[in-house]
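First up is the structure itself, then whatever we jot down about it.
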Amino acid sequence: MGRIRILPDQVANKIAAGEVVERPASVVKELLENSLDAGATSLRIEVESGGRRLIRVSDDGIGMLRDDALLAFERHATSKLRDVKDLLTISTLGFRGEALPSIASVSRLLLETRSAEETTGTRIEIAGGKMLRCEEAALGGGTSIAVRDLFYNVPARRKFLRTEPTELAHIASLATHYSLAHPDKTLRLTSGPTELLHVTPVATLAERVYQIFGGQVLDELVEIGVRERELFLPPPGVAPTEAIAEFRREPDEPASRIFRLAGFFSRPQVQKGNRNSIFIFVNRRLIRDRLLLHALSSAYHNLMPVSAFPFALLFLECAPEEVDVNVHPSKTEVRFRHGSFVHDFVRDTLRERLMESRPAPVFSPTPRLAPAAQPGARLPYSEFSQMIEDEAPAALSIAEAAAAPAPAHADAAPFEALAPDAAFADAALPEFNLRPTAPPPDRLDFTAPPLEIAPGPAPSGKLSRHLDSHGEFPPDAIPPPEMSLSVLSDLRPLGQIHDSFIIAAGRDGLWIVDQHVAHERILFEQVLKQRAAGRMEMQRLLMPIIVQLTPEQQIDYARIASELNASGFETEPFGNRTVAIKAAPAAIAAADLEKILFEILETAEGELRGASLDDIRRGICASIACRAAIKINARLDAAKMEWLLRALAATDCPMSCPHGRPIALHYSTREILKAFHRI
Ligand code: ADP
Ligand code: MG
C-alpha cells in the first residue's frame, strides 16, 4: 500500500495557520483587510491581553449571506477571485481564501454577520476548526469577528508569543498604519478599557498624520505631494535586448503605465536606529520590500549616515498588473514587474523633494511639551510608558535630566530611555519617535536642553509682561520662524568656538556651523559637478605611490577602478595585489592618498557592495571632499568664515554633510526670547 496520504482539511488549515497567523497582530491584519475589502467605513478593534485573550474586529461593511458565511471557513473559499487570470489584477487586499479557516483552526471564533440583502443575521461559532454552532440571529448590518484564546490548541505556538505589551504594540502599530492608508475611514482601537487610537474621517493624508502623531511630528516631515512618472513600453514585437528585458510589452498591454508616489518622509536630521519607522504601502497594502527600502536609503545617500534610517510613510500606486502580490501567504511581500523603474522613480522623487525643501535642523533649547499624539502612535506602548506619559515631560527636573542616560531629547525620553523590560529591545518593535535615539558619541550633544539657572514655574503671559522692566523687545523684531536654509546667505560670522565651530548672527537668531562638514559639503558638490562634466582637476605625482591590497580589497578595486579613474585618480594594477597611484585629484595632499584609497575601498566593501554606479560615484566624491576639507581645530579669519558661509548657502543641500551629519544648528530668536522668559 502507498505511503502518501492527502492531509485532512483540519490539518492543512493548521499548517496554513503557521504561515498566516504568526502572532495576534497577524489576526488583526487579516480581519482588518477583510473589513476594508467589504467596503467598511467604520472599523472597530477591541483586544484584551495583547490579543491573546480576545481580538474582535467589527465593521459596517456589506456583511455576508448565510451560505457565504458558512463557506468562508472552507479552505480556499473566497469571493475575490474567479480564475487564474484574476490573480494578475488583484485589487482587493485578500484573495487567497486562507485567513478565516486558518484563524478558526487555532482559536475559538465567533462570527456575527448580516448582509443588507437578508432580514436576519448569522451567528457561527467554531473552536479549533470544528463548527460548534450556526444559527440565525437578530443582528445589525456588517460583520463582527471575535477571536478568543489564540493558539489555545497549539501550545508550541503559544510559547513563541512575546509579552502582552509587545504583542499589543504590534497591534497598535498595525492599526495605526492601516488608519494612515485610509484617511477616509473611522478606526478605533481599544485594549480593555483603554482607547489607543481613535480617528475620524478626514480629507487628506496630512490631516490624518496630524490626527495621529500631532503637529510637532508633522513639522519634521517633508510631504511628497503626489508625484508621477510614466513608464513607456516598447511596441510589442520589438525584440528586447538583454538590458531592457524588463521592458517587454505583451500584445494586449497599453503603451504606457503611470506610477504615483505620495506620502511623507523625514528630514535628514531625523535619524532612527532601525527600519521600524519605515512604512511602505503598495496600492494601499502595507508591505516589506527590499527594492523600495533600498530606493529610500539611496535617496538619503550622502545626507544621512549609512547606519541611520529615516521615518517614512510612502504610498505607491500603480496598475495591479505591475505588481505581483501573490509571493507569500501573509501578503507582505511583492514583486514588481518593472523593478528598476520603480526603484529609480522612488529614489529620484524623494531626493528631489529633499533638495527642494532644504530644511534646517532646529536647535531646540526648551523642552517642548509632548505633542498631541495618540497613545497608539507612541510606541512601544505599555501601561508603564502610559504612566510616564501622564506626567508632563517638562516636569523632569534638571538634575534628573542630567542624570538620565543621555536622553536624545526631552520629549523622547519617556519612550526611549525608560523602556520597562527587555522585551522592548525586540528588533521588530515599531517606534514613532522622530528624534535621534542617541547622539553619536563623537559629537557634541546639542540636543540636550541647555541648563537654566533656577527654573521657576513657567511665567504666565501676564507675569512675563510685568517682568519686562528688563527692556521691552519690539514685537516686530521677532521674525516668523524660518525653516529654509536660504537665510544662511546673509549670516554674519562672529567668531569660532574651539577653532572648530563658526558662530554667526542671522536674520533670525544664532547659528552654529561645523566648519569641517560645511566645507566638506561645498567641496562634495563641486567635485560631483566636475565629475559630471568630466573635468576633474588633477595633479600628477612625481613618483607613483604603490599601495598593497588585501585579496578582498583587490576585488573591490577591480569593481570601482574605472570610476576611480574617472574621478581624478590615475591608478593601475602593479603586479600581484598592488596598485600604483600616478595621479590624484588636485585638492588632496599626496600624504593622504594611500589613506583615501583604503577609505574608498572600505566604503565599496561595506556600504557600496551591490550598490549602483551612482552610489559608488557619490561615495568616491564624498571621500575626496572629506580629505580636502578644512579640518576642525583650525583657526579661520573673518574673511574665510564669511566665504565659507556664502559658499555653503549656495550649495544644493546645505543641511548635512555627504556622510549625513548635520552642518548647522539654529537657535531662533523666538527660542532665545523664550529661554529668557521674554515671551
Ligand atoms: P480572502 O480575504 O482571501 O478572500 P478570507 O478567508 O479572509 O479570504 O475570507 C473569506 C471570505 O469571507 C472573503 O472572500 C469574503 O467574501 C468573506 N468575508 C470575510 N470577512 C468579511 C467581512 N468582514 N465582511 C464581509 N465579508 C467577509
Ligand atoms: Mg482575507
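All of Leu350, Leu314 fail the test of being open to solvent by less than 30 Å² (accessible area, probe 1.4 Å), touching a Gly at 6+ places or on another chain (Cβ under 7 Å) and touching a residue at least 12 places away in the same chain (Cβ under 8 Å), apart from Leu314.
Residues that are in contact (Cβ under 8 Å) with a residue 40 or more places away in the chain and either in contact with a helix residue (DSSP H, G or I) (Cβ under 7 Å, 6 or more places away or on another chain) or assigned to a loop (DSSP other than H, G, I, E, B) (or both) within region 181-198 comprise His182, Asp184, Lys185, Leu187, Leu189, Ser191, Gly192, Leu196, Leu197, listed in sequence order.
In the set Glu599, Glu537, only one residue is surrounded by 16 or more Cβ atoms within 10 Å (Cβ to Cβ) and among the charged types (D, E, K, R); that residue is Glu599.
Filtered by the rule that a residue be of a type in the set (Val, Ile, Thr), under 30 Å from Ser668 (Cβ atoms) and not in a strand (DSSP E or B), region 504-557 gives Val517, Ile522. Suppose the filter is more than 6 Å from ligand 1 (Cβ to nearest atom), touching a residue at least 60 places away in the same chain (Cβ under 8 Å) and farther than 27 Å from Ala156 by Cα; does Asp86 pass it? For Asp86, the condition - more than 6 Å from ligand 1 (Cβ to nearest atom), touching a residue at least 60 places away in the same chain (Cβ under 8 Å) and farther than 27 Å from Ala156 by Cα - is not met.
Quick check: is even one residue across region 10-24 more than 12 Å from ligand 1 (Cβ to nearest atom), open to solvent by less than 30 Å² (accessible area, probe 1.4 Å) and under 27 Å from the mean Cα position of the chain (by Cα)? Yes, there is a match, as at least one residue in region 10-24 is more than 12 Å from ligand 1 (Cβ to nearest atom), open to solvent by less than 30 Å² (accessible area, probe 1.4 Å) and under 27 Å from the mean Cα position of the chain (by Cα).
Results for (1) touching a residue at least 24 places away in the same chain (Cβ under 8 Å); (2) over 30 Å from the mean Cα position of the chain (by Cα), shown as yes or no for each residue.
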residue: Ala72; (1), (2): yes, yes
residue: Leu110; (1), (2): yes, yes
residue: Thr119; (1), (2): no, yes
residue: Gly129; (1), (2): yes, yes
residue: Gly141; (1), (2): yes, yes
residue: Phe151; (1), (2): yes, yes
residue: Leu161; (1), (2): yes, no
residue: Ile171; (1), (2): yes, no
residue: His177; (1), (2): yes, no
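Counting the residues of region 541-586 that are among the charged types (D, E, K, R), modelled with pLDDT of 90 or more and more than 40 Å from the chain's Cα centre (by Cα) gives 2. When the criteria are applied in full, Thr78 fails the requirement of being at negative phi and away from ligand 1 (no atom under 11 Å from the Cβ). Looking across region 47-69, the residues that are open to solvent by 40 Å² or more (accessible area, probe 1.4 Å) and more than 16 Å from ligand 2 (Cβ to nearest atom) come down to Glu48, Arg52, Arg53, Arg56, Asp60, Leu65, Arg66, Asp67.
Let's see how each residue does on (1) hydroxyl-bearing (Ser, Thr, Tyr); (2) away from ligand 1 (no atom under 16 Å from the Cβ):
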residue: Leu93; (1), (2): no, no
residue: Ala99; (1), (2): no, no
residue: Ile103; (1), (2): no, no
residue: Thr113; (1), (2): yes, no
residue: Ala116; (1), (2): no, no
residue: Arg123; (1), (2): no, no
residue: Ile126; (1), (2): no, no
residue: Met131; (1), (2): no, no
residue: Glu135; (1), (2): no, yes
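Starting from residues that are open to solvent by less than 50 Å² (accessible area, probe 1.4 Å) and touching a helix residue (DSSP H, G or I) at 6+ places or on another chain (Cβ under 7 Å), keep the ones in region 102-121 and report whichever is farthest from Glu30 (Cα to Cα). Looking at residues that are open to solvent by less than 50 Å² (accessible area, probe 1.4 Å) and touching a helix residue (DSSP H, G or I) at 6+ places or on another chain (Cβ under 7 Å), I get Thr113. Of everything listed in (1) closer than 27 Å to Thr332 by Cβ; (2) more than 15 Å from ligand 2 (Cβ to nearest atom); (3) not charged (D, E, K, R), the single unmet condition for Gly121 is (1). Looking at region 214-324, the strands (runs of 3 or more DSSP E) lying wholly inside it that each contain 2 or more residues that are modelled with pLDDT of 80 or more, of a type outside the set (D, E, K, R) and closer than 30 Å to His198 by Cα sit at 221-223, 256-266, 278-282, 285-287, 312-317.
Mind listing whichever residues of region 575-586 are over 15 Å from Arg540 (Cα atoms), open to solvent by 10 Å² or more (accessible area, probe 1.4 Å) and touching a Pro at 6+ places or on another chain (Cβ under 8 Å)?
Listed by number, the list holds a single entry, Arg577.
Residue-level analysis places Thr120 outside the set of residues that are hydroxyl-bearing (Ser, Thr, Tyr) and in contact with a Pro (Cβ under 8 Å, 6 or more places away or on another chain). For region 76-99, a tally of residues being out of contact with any Leu (no Cβ under 7 Å at 6 or more places or on another chain) and within 13 Å of ligand 2 (Cβ to nearest atom) returns 11.
All conditions but one from (1) more than 8 Å from ligand 1 (Cβ to nearest atom); (2) out of contact with any Cys (no Cβ under 7 Å at 6 or more places or on another chain) apply to Leu70; the one that does not is (2). Glu570 fulfils the conditions (1) touching a strand residue (DSSP E or B) at 6+ places or on another chain (Cβ under 9 Å); (2) charged (D, E, K, R); (3) loosely packed, with under 13 Cβ neighbours inside 10 Å except for a single criterion, (3). Total residues in region 624-657 satisfying the condition of being over 32 Å from the mean Cα position of the chain (by Cα), open to solvent by less than 40 Å² (accessible area, probe 1.4 Å) and closer than 22 Å to Ile600 by Cα: the figure is 2.
Note on region 122-133: residues that are buried (at least 18 other Cβ atoms within 10 Å of the Cβ) and of a type in the set (A, V, I, L, M) amount to 3. The condition of being small (Gly, Ala, Ser) and under 26 Å from Ile632 (Cα atoms) holds for Gly568. On inspection, Leu43 passes the criterion of being within 12 Å of ligand 1 (Cβ to nearest atom) and under 26 Å from the mean Cα position of the chain (by Cα).
The values are calculated or read from the model by the stated rules, or taken from the named source; none is laboratory data. Since the model is a prediction, treat every value here as computed from it, not as a measurement. Cβ sites come from the backbone with ideal geometry, for glycine too, and all protein chains shown count toward neighbours. Surface areas here come from the heavy atoms of the whole protein model, side chains and all, with no ligands, DNA or RNA. Shrake-Rupley method; radii C 1.70, N 1.55, O 1.52, S 1.80 Å.
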